[in-house]
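Asks: Before we start, here is the structure in question, set down as structure tokens.
The values are calculated or read from the model by the stated rules, or taken from the named source; none is laboratory data. The model shown is predicted, which means the values in this text are computed figures rather than measured ones. Neighbour counts run over all protein chains shown; Cβ positions are idealised from the backbone, glycine included.
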Amino acid sequence: MTDQVVIRVPDIGDFSEIPVIEILVAVGDSVEAEQSLVTLESDKATMEVPAPVAGVVRELRVALDDKVSEGDAVAVIEADGLVEPVTPAAQPVQPEPSSPAVTKPPASPERVVTGQTEKKPATIPAPSAGDRSSPPVPMDSKATSPSGAPYASPAIRRYARELGVDLARVTGSARGGRIIREDVNRYIKSVLSATPAPAAGGLVFDLPAAPKVNFSRYGDTEQQPLSRIQKISGSYLHRNWVSIPHVTQNDQADITDMEAYRKANSERARELGFKLTPLVFLIKASVAALKKYPTFNASLDQSGDNLVLKKYFHIGIAVDTPQGLVVPVIRDCDQKDILQLAGELGEISQKARDGKLTPTDMQGGCFSISSLGGIGGTSFTPIINAPEVAILGVSRSKLSPIWDGESFQPRMMLPLSLSYDHRVIDGANAARFARFLALRLEDVQGMNL
Ligand code: CAO
């Protein structure tokens, strides 16, 4: 003879007409005693109704979104053995802090012996050492969990635990961000199909997911999608930031003489249809520094064991466009004078702002310059544009009192921030490179403009 046990919604306090938000088993499933069968969710809290006995699910008497109250039948289980009168372990969960905890003892199951139906009187035993019912298993309520724990039912927690999934990394798709079984499955699939981060040296970063925050809880918000360029460049910037050990060397150049020269030649440039800004002098000085320190004009090969030294001098220029950051390349800068460079810089930055750059325009760079001098600032950390090994950041020049050994002189000082790949370049060489660059900018007559 087999016992069939009708599982009913236990006493759940003041709640009624609570929606069934999750059905955790199917007809024919074997279940363990205390395995959760369905999840109910009121406005305030979530709870699971577990099986009081081990057996096979013969009937499900509720469907998703059905509304149930205390005493409603949820399922029928054919028990593995004869059933002792036990208390089903309803598993109430933490309610919102303002609401009273729902931890009343649950109702008993109704026992049906095949061929005849026998109603057991309701038994609500007080918890004791021999009580087979489980103590309430708290689940994170929709209220903010003080522990910051992910919002998931005990069954999902158990499921995740069995599979070794850290629920903090799983995004919940159910109401209120609750994590359901499909979310765990989707997460596992994404991990299995993900290609490891292409970090140099075979490093794969295993970082916790960023916290998921519902910002509208704190005030008005609106959603603005990232531009296509932001998405593409964002992933490259991220890769470069995490896979290259960056160090930034800061220095400054006295560009008083250079500025005098630039201003004297600005009119000529304007007549030719472009602007003569400090940036072209920086391109010139960078080429000289790359010639003097060839490891800066290099890339690591795929194995990471060799440097590829380049004999050409193509300089990438970071351009701020309404669609996002792009880095077009000016080729053969060693073969161009300052006016040619100014003309090309004007053309290529206009092309970038018009969104007309081709992939070729952005390929083949040896070293990049990111100039924020037209905007302001005193220094920053530019991110290396891999496979390059260094990048020069330029901030706004400032008239400063510089001690000449006898008195302070008003000098125009230009801040330089050189980020370099520390796997390839030592700090001492970076300091030498930055100093050389500064001295080049200070010697405008020797710049071969
Ligand atoms: N110090 C003081 N003034 C400077 C300067 C500096 N370092 N650099 C430029 N200026 C001046 C210029 O001389 C120009 O002055 P005038 O209008 O009086 O002629 C003004 O600032 C504006 O210059 P510009 O920005 O138009 O020209 P540029 O050649 O310096 O730069 C470009 C061109 C395309 C690089 C720049 O417009 C740009 O997009 N910069 C942003 C780059 C960026 O976003 N980098 C960050 C990337 S990493 O996050």
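Asks: Checking I330 against (1) touching a Gly at 6+ places or on another chain (Cβ under 7 Å); (2) within 26 Å of S379 (Cβ to Cβ): exactly one of these is not met. Which one?
Replies: (1)
Asks: Across the range 55-81, what is the number of residues that are surrounded by fewer than 16 Cβ atoms within 10 Å (Cβ to Cβ) and not in a strand (DSSP E or B)?
Replies: 7
Asks: Criterion first (more than 37 Å from the chain's Cα centre (by Cα), within 28 Å of S379 (Cβ to Cβ) and touching a residue at least 24 places away in the same chain (Cβ under 8 Å)) does L272 satisfy it? Break it down stepwise before answering.
Replies: Numbers: more than 37 Å from the chain's Cα centre (by Cα): yes; within 28 Å of S379 (Cβ to Cβ): no; touching a residue at least 24 places away in the same chain (Cβ under 8 Å): yes.
Answer is no for this residue.
Asks: Moving on. Among (1) more than 43 Å from the chain's Cα centre (by Cα); (2) within 13 Å of the ligand (Cβ to nearest atom), there is one condition I283 misses while meeting the rest; what is its number?
Replies: I283 satisfies every listed condition except (1).
Asks: Quick test for you: out of I375, I330, I315, pick the one residue that is closer than 23 Å to N240 by Cβ, surrounded by 21 or more Cβ atoms within 10 Å (Cβ to Cβ) and under 31 Å from the mean Cα position of the chain (by Cα).
Replies: Working: I375 fails: surrounded by 21 or more Cβ atoms within 10 Å (Cβ to Cβ); I330 fails: under 31 Å from the mean Cα position of the chain (by Cα).
Criteria check complete, one pass: I315.
Asks: Just wondering, is there one or more residues in the range 165-186 that are modelled with pLDDT of 75 or more, surrounded by fewer than 15 Cβ atoms within 10 Å (Cβ to Cβ), of a type in the set (A, V, I, L, M, F, W, C) and not in a loop (DSSP other than H, G, I, E, B)?
Replies: Scanning the range 165-186 turns up at least one residue that is modelled with pLDDT of 75 or more, surrounded by fewer than 15 Cβ atoms within 10 Å (Cβ to Cβ), of a type in the set (A, V, I, L, M, F, W, C) and not in a loop (DSSP other than H, G, I, E, B).
Asks: Name the helices (runs of 4 or more DSSP H) wholly inside the range 204-306 in which the number of residues that are among the β-branched types (V, I, T) and crowded, with 16+ Cβ neighbours inside 10 Å is 3 or more.
Replies: On the way: elements: 228-243, 256-272, 278-292.
Because the criterion is at least 3 residues that are among the β-branched types (V, I, T) and crowded, with 16+ Cβ neighbours inside 10 Å, the helices (runs of 4 or more DSSP H) in the range 204-306 that meet it are 278-292.
Asks: Can you tell me which of (1) more than 10 Å from the ligand (Cβ to nearest atom); (2) surrounded by fewer than 22 Cβ atoms within 10 Å (Cβ to Cβ); (3) of a type in the set (S, T, Y) is the one T321 doesn't meet?
Replies: (1)
Asks: On to the next question. Answer yes or no: is there a residue in the range 34-45 that is in a strand (DSSP E or B), closer than 16 Å to I180 by Cα, acidic (D, E) and not assigned by TED's automatic domain parsing to the domain that holds I180. Please lay out each step first, then the result.
Replies: So the first thing to find is which residues in the range 34-45 are in a strand (DSSP E or B), and the list is 36-41.
Subsequent filtering for residues that are closer than 16 Å to I180 by Cα retains 36-41.
The next check asks that each one be acidic (D, E); those that pass are 41.
Add one more test, that the residue is not assigned by TED's automatic domain parsing to the domain that holds I180, and what stays is 41.
Among the residues of the range 34-45, at least one is in a strand (DSSP E or B), closer than 16 Å to I180 by Cα, acidic (D, E) and not assigned by TED's automatic domain parsing to the domain that holds I180, which makes the answer yes.
Asks: Under the condition of being closer than 24 Å to S227 by Cβ and polar (S, T, N, Q), which residue from the range 324-359 is farthest from the ligand (Cβ to nearest atom)?
Replies: In this case the residue turns out to be T358.
Asks: For a quick check of your reading of the model, give me the residue pairs whose first member lies in the range 372-385 and is free of Cβ contacts under 8 Å to residues at least 60 places away in the same chain and within 18 Å of I315 (Cβ to Cβ), whose second is among the hydroxyl-bearing types (S, T, Y) and within 9 Å of the ligand (Cβ to nearest atom), with beta-carbon atoms closer than 9 Å and at least 6 apart or on different chains.
Replies: As it stands, the answer is L372/S395, since those pairs meet every condition given.
Asks: Restricting attention to the range 418-449, and to residues there that are under 30 Å from S243 (Cβ atoms) and of a type in the set (S, T, N, Q), which single residue is surrounded by the most Cβ atoms within 10 Å (Cβ to Cβ)? Give the derivation first.
Replies: Here is the first cut: in the range 418-449, the residues under 30 Å from S243 (Cβ atoms) are 418-438.
Add one more test, that the residue is of a type in the set (S, T, N, Q), and what stays is 419, 429.
Working: S419: 26, N429: 16.
Among those that are under 30 Å from S243 (Cβ atoms) and of a type in the set (S, T, N, Q), it is S419.
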